[in-house]
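Step one of this worksheet: look at the structure below.
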Amino acid sequence: MNDHHFSRRHFFYGTLLAGAVPSGGFGSTPSLSALGYKSPNEKLNIGAVGIGIRGPAILAGAAATENIVALCDVDGTRSAQGFAQYPNAKKYKDYRKMFETEGKSLDAVMIATPDHMHTPVALLAMQQGKHVYCEKPLVRTPWEAQLLVDAAAKYKVATQMGNQGWSHEGTKTTCEILWSGEIGDVKELHAWTGMIYGGQPTIPATGPEAAAVPADLDWDLWLGCAEPRAFNPLMTDRWRAFIDFSTGGSLGDWQVHNLGPAHLALQLGKASPASVERVFVEGESQWLWPLRTHLVFEFPARGSMPPVTVHAYQNMRGDFQNPPGMAEGERLFPPMNNLAEKGRPFVQSGDGTMLVSTQLTADGKPIAQQGRGGTFPPGGGRGPGGPGGRGVPPGASQDPKMRAPGNGAVFVGSKGYMATSARGEGVWLLPTSRWAEYKLPSQMLQRGVNHQQDWIRACKGGAPGVSEFAVAARYIEWLALGAIALRVPGKLYWDANKRQFRNSEAANKLLKPYLRKGWELKV
């Protein structure tokens, strides 16, 4: 039996995929109460930094059982609605002032700022002994990934990256199907996403034009550690498109979700990629991430799992052909509620827009797992040609190779194909005629709580979060290498031991982020 066909033990798979197995089995590690963790019966006092968009969504999963006592955002207008949801919480503009004022009364922090500020906020929180939940992508560069792993270990705090799909029923079922041997050895993986969230802005070749800073925005604090720039509203409205503030455009947004089930199921955290290359790029800019990209990562063998090539497409289909046997018009990616047909319970989110697996709070009450504001396009797609049948937007290319088939991934196995949608909410075998008669394997992975409650359990001395920084950093590191490849042509060979590229000084210069004076980072 191959060593990736695991025994029928129920795992907390964050620890499993980090490669650290307690001698007594998963979940057998001793209580961490001696390190200052609260009893599961006590409520945490939680603060949040970044309340404009994602903050309220991630707070909802924690507020069901804990106290939300402090909120911070540099943009008064954008954060007004989020602030209003917690009228009793103290309000701040500067997260450093929040930590200073709240002091020891604050137990944990949830971070939902633009990507470039994740590391400064998370590091300071850990240095003050606060548990940290940080939205995906955890960091923008490999150097930051290691920094936060080291900090979490030094300050002995519970951590979690906010890639909710890793706590979803669909992702766990994906792992169990692959590990059962149903589709054989996987040597090839393809994942797609649509356009950069919010769209690709149009700016002059000289860069965004300066504009007046809104009265209720602290622009200097919004920039934080980034290189000083004159304000332009596109930077705050569509920051994911800007190289200064995000991680590869949609690579650090929806590709984090789309590739998540593959990272876990294929155990990519056990080996760094040997190489990464941009094989196609369109719309390069000094300021913005490209409009379309095709990245190729090559991973070595991991135990008995063979080497695998990972293709990541943004806003394009590429040369990928549908698996043999698929009927004309058959959808590539599964609907998010398809597991309900096979006896896996699902409930609807509070606003009725998204089907998610049943999740429970720490005291056993159902709670919906939320996405971006709890919403999702029909069928789980975003961008041109999504599986919801949204078609091609005006002005988009009519070339099939330049149309993303939707949000999801396809595993190409020696015995068949498997597809996942979006964050992993849906999974099925291809063609779907094979899925119709398929019986799911026995469950091996822990179920029961949403992603925020998974972290809260860890804060109170329970098993580590499924996406604790020690695990999440291994994932985000190789995606961050992909972001570097988007800026440096040619095949880049990665030396995991030396933590640098073997053949490109230009790429090595991008392993660490720009940090302006006064924003230096040190564990």
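The values are calculated or read from the model by the stated rules, or taken from the named source; none is laboratory data. Fair warning: this is a prediction, and the values are worked out from it, not measured in the lab. Ideal geometry is used to build each Cβ from the backbone, glycine not excepted, and the neighbour counts take in all protein chains shown. The protein model used for the area step is the full one, side chains on, heavy atoms only, and it has no ligands, DNA or RNA in it. Shrake-Rupley method; radii C 1.70, N 1.55, O 1.52, S 1.80 Å.
Summary of computed values
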read-out: Ranked packing of 163-170, 445-452, 55-62, most packed first, by mean Cβ within 10 Å; value: 163-170, 55-62, 445-452
read-out: Which of Gln255, Leu268, Ala241, positive extreme of dipole for segment 231-299 (C-beta unit charges); value: Leu268
read-out: Shape box of segment 208-325 [Cα atoms, principal axes, largest first, Å]; value: 58, 29, 24
read-out: Alpha-carbon centroids, segment 63-123 and segment 434-470: separation in whole Å; value: 27 Å
read-out: Accessible-area composition of segment 184-306, carbon plus sulfur, in percent [1.4 Å probe]; value: 51 percent
read-out: Protein accessible area in segment 136-182, 1.4 Å probe - carbon and sulfur %; value: 48 percent
read-out: Charge dipole magnitude, Cβ of K and R +1, D and E -1 - segment 126-276, Cα centre, debye nearest 20; value: 380 debye
read-out: By average C-beta atoms within 10 angstrom, highest first, the peptides 152-158, 224-230, 319-325, 471-477; value: 471-477, 152-158, 224-230, 319-325
read-out: His311, His118, ranked by accessible area, largest first (probe 1.4 Å); value: His311, His118
read-out: Listed residues Trp179, Trp143 arranged by accessible area, highest first, probe 1.4 Å; value: Trp143, Trp179
read-out: All Cα pairs of segment 149-197, percent lying beyond 12 Å; value: 77 percent
read-out: Mean Cα-pair separation over length for segment 120-261, i.e. relative contact order, pairs under 8 Å, 6 or more apart, %; value: 28 percent
read-out: Solvent-accessible area, 1.4 Å probe, carbon plus sulfur percent, for segment 405-523; value: 49 percent
read-out: Rg and Dmax of segment 390-523, Cα atoms only, in Å; value: 20.9, 61
read-out: Net lengthening on full extension, Ser433/Lys491 (0.36 nm per residue, minus Cα-Cα); value: 17.0 nm
read-out: Solvent-accessible surface (1.4 angstrom probe) belonging to Thr202, in square angstrom, nearest 10; value: 130 Å²
read-out: Farthest toward positive dipole pole in segment 267-333 [+1 Lys/Arg, -1 Asp/Glu at C-beta], among Pro307, Gln321, Trp287; value: Pro307
read-out: Residues Glu100 and Ala230, FRET efficiency given R0 of 22 Å [Cβ-Cβ distance, rounded to 0.05]; value: 0.15
read-out: Residue-normalised accessible area of segment 88-184, given per residue in Å² at a 1.4 Å probe; value: 26 Å²
read-out: Three-way shape call for segment 483-523 based on the alpha-carbon gyration tensor, with the a/c threshold at 1.5; value: oblate
